[in-house]
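The values are calculated or read from the model by the stated rules, or taken from the named source; none is laboratory data. A quick note: this is a predicted structure, and the numbers were derived from the prediction, not measured. Please note: Cβ atoms are built from the backbone with ideal geometry, for glycine as well, and neighbour counts cover all protein chains shown. Just the protein is used for accessible areas: all its heavy atoms, side chains included, with ligands, DNA and RNA removed. Shrake-Rupley method; radii C 1.70, N 1.55, O 1.52, S 1.80 Å.
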Amino acid sequence: MRKRTPEGISDANTGKDRQFVEALAKGLQLLRAFRQGDLELSNQDFVSRVGLPKATASRLTYTLSKLGYLSYNSRTGGYRLDAPAMSLGYTYLAGVGIRRLAKPSMQALADHAGAPVALGAKDHLSMVYLECCRSANAITLAIEVGAHIKLASSSLGRAYIAGLPPVERNLLLDQLADHEGPDWPALSDGIAEAMESYEKFGYCLSVGNWKSDVNSVGVPYRPKDGSPVLAFNCGGPSFLLDRDRLTDDIGPRLVAMVRDLENNIPLA
């Protein structure tokens, strides 16, 4: 049986790689244990979420707090992310120039669709939102920058998969198959359907796949400078964005928006 790859480590054979610093990897996995809405985590939370021995988790939290990446609350015994850890994310976002350049077009499409338009990037085996533009419609999805969404079932993730070179795509699909377990056959069929749609029309659909009452369409964005593939999507309640509206209206508009960005953003 093939060894299961931890989500935070892309290569299951890193233990044989002399260049791989395992202690650093464990520390970064511990920082990634924080999820949206978490204010504090205890050492036991880290043990449960990361799968580290308690003694290892305690040494790591102590070290990260000494370096300023975590702050310790002596009253509760919990740890919070501190400014240096948060600044890493903000530094990354500041460097993604497409966020600023794409925002006017994203907002225009969001206003037309009455639904949010988002930009996302791959974060291990999920997608993380880098930017989101909302319409004035009161009925909309609660999407926040920094939030994560499933890669295999969302249009954002499927668009990212479609935008990868074949070798990278196949490696990612192998990782997803291992990660998703018994859910993979159905998800694989959905990804195959999305890939077929992308080849024909330039967009990927997720119709009730991520959530039964949510539909969305996604398009990959390939930076000309060789930066990692990103993806845009537009999604909302199924009664607002049914399949016909996605395929006849929103999908083609999203494709046109992304192609315009690809063709008109100069190399740095």
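Kindly provide the set of residues from region 142-171 that are free of Cβ contacts under 8 Å to residues at least 60 places away in the same chain and either β-branched (Val, Ile, Thr) or farther than 22 Å from Arg35 by Cβ (or both), ordered by number.
Just the residues of region 142-171 that are free of Cβ contacts under 8 Å to residues at least 60 places away in the same chain, to begin with: 142-143, 145, 151-153, 161-162, 165-171.
Scanning region 142-171 gives Ile143, Val145, Ile161, Ala162, Pro165, Pro166, Val167, Glu168, Arg169, Asn170, Leu171.
Out of everything in region 193-216 that is part of a helix (DSSP H, G or I) and open to solvent by 60 Å² or more (accessible area, probe 1.4 Å), what residue ends up being nearest to Val117 (Cα to Cα)? Spell out the reasoning first.
Of the residues in region 193-216, the ones part of a helix (DSSP H, G or I) are 193-201.
With open to solvent by 60 Å² or more (accessible area, probe 1.4 Å) added as a condition, the list becomes 193, 196, 199-201.
Working: Glu193: 22, Glu196: 23, Glu199: 22, Lys200: 22, Phe201: 19 Å.
Taking the candidates together, the pick is Phe201.
Pairs please, first residue from region 218-247 and under 14 Å from Glu262 (Cβ atoms) and among the polar types (S, T, N, Q), second anywhere and open to solvent by 30 Å² or more (accessible area, probe 1.4 Å) and assigned to a loop (DSSP other than H, G, I, E, B), Cβ atoms under 8 Å, 6+ apart in sequence or on different chains.
Sorted first by the residue in region 218-247, then by its partner, the list stays empty.
Taking Ala136 as meeting all but one of (1) assigned to a helix (DSSP H, G or I); (2) loosely packed, with under 15 Cβ neighbours inside 10 Å; (3) of a type outside the set (D, E, K, R), write down the number of the exception.
Of (1) assigned to a helix (DSSP H, G or I); (2) loosely packed, with under 15 Cβ neighbours inside 10 Å; (3) of a type outside the set (D, E, K, R), only one is false for Ala136: (1).
Keeping to region 35-65, report how many residues are part of a helix (DSSP H, G or I), among the polar types (S, T, N, Q) and open to solvent by 40 Å² or more (accessible area, probe 1.4 Å).
First, pick out the residues of region 35-65 that are part of a helix (DSSP H, G or I): 43-50, 54-65.
Among the residues that remain, those that are also among the polar types (S, T, N, Q) are: 43-44, 48, 56, 58, 61, 63, 65.
Now restrict to residues that are open to solvent by 40 Å² or more (accessible area, probe 1.4 Å): 44, 48, 58, 63.
Counting residues in region 35-65 that are part of a helix (DSSP H, G or I), among the polar types (S, T, N, Q) and open to solvent by 40 Å² or more (accessible area, probe 1.4 Å) gives 4.
Do we have Gly226 as on the phi > 0 side of the Ramachandran plot, small (Gly, Ala, Ser) and open to solvent by 60 Å² or more (accessible area, probe 1.4 Å) here?
Numbers: on the phi > 0 side of the Ramachandran plot: yes; small (Gly, Ala, Ser): yes; open to solvent by 60 Å² or more (accessible area, probe 1.4 Å): yes.
For Gly226, the condition - on the phi > 0 side of the Ramachandran plot, small (Gly, Ala, Ser) and open to solvent by 60 Å² or more (accessible area, probe 1.4 Å) - is met.
Collect the residues in region 211-238 that are farther than 17 Å from Val128 by Cβ and out of contact with any strand residue (DSSP E or B) (no Cβ under 9 Å at 6 or more places or on another chain), keeping them in residue-number order.
Lys211, Ser212, Lys224, Asp225, Gly226
If you go through region 3-26 one residue at a time, do you hit one that is of a type in the set (Gly, Ala, Ser), in contact with a strand residue (DSSP E or B) (Cβ under 8 Å, 6 or more places away or on another chain) and either modelled with pLDDT of 85 or more or assigned to a helix (DSSP H, G or I) (or both)?
In the first step, residues of region 3-26 are kept if they are of a type in the set (Gly, Ala, Ser); the result is 8, 10, 12, 15, 23, 25.
Applying the additional criterion that residues be in contact with a strand residue (DSSP E or B) (Cβ under 8 Å, 6 or more places away or on another chain) yields none.
Checked against the condition, which is being of a type in the set (Gly, Ala, Ser), in contact with a strand residue (DSSP E or B) (Cβ under 8 Å, 6 or more places away or on another chain) and either modelled with pLDDT of 85 or more or assigned to a helix (DSSP H, G or I) (or both), region 3-26 yields no hits at all.
Name the pairs: first residue in region 105-132 and free of Cβ contacts under 8 Å to residues at least 40 places away in the same chain and farther than 16 Å from Ala147 by Cβ, second residue assigned to a helix (DSSP H, G or I) and of a type in the set (A, V, I, L, M), Cβ to Cβ under 8 Å, at least 6 apart or on different chains?
none
Within region 217-268, how many residues are part of a loop (DSSP other than H, G, I, E, B) and in contact with a His (Cβ under 8 Å, 6 or more places away or on another chain)?
First, pick out the residues of region 217-268 that are part of a loop (DSSP other than H, G, I, E, B): 222-229, 238-242, 265-268.
In the following step, the residues that additionally are in contact with a His (Cβ under 8 Å, 6 or more places away or on another chain) were identified as none.
Looking only at that region, the number is 0.
Go through (1) within 20 Å of Leu246 (Cβ to Cβ); (2) open to solvent by less than 20 Å² (accessible area, probe 1.4 Å); (3) part of a helix (DSSP H, G or I) and name the single condition Leu176 misses.
Unmet for Leu176, out of (1) within 20 Å of Leu246 (Cβ to Cβ); (2) open to solvent by less than 20 Å² (accessible area, probe 1.4 Å); (3) part of a helix (DSSP H, G or I): (1).
I'm trying to understand the selection: among the residues of region 160-173, which are more than 16 Å from the chain's Cα centre (by Cα) and part of a loop (DSSP other than H, G, I, E, B)?
Pro165
Just need a number here: residues in region 87-111 that are charged (D, E, K, R) and at pLDDT below 60. Steps first, answer last, please.
Let us first name the residues in region 87-111 that are charged (D, E, K, R), namely 99-100, 103, 111.
Now drop any that are not at pLDDT below 60, which leaves none.
The total comes to 0.
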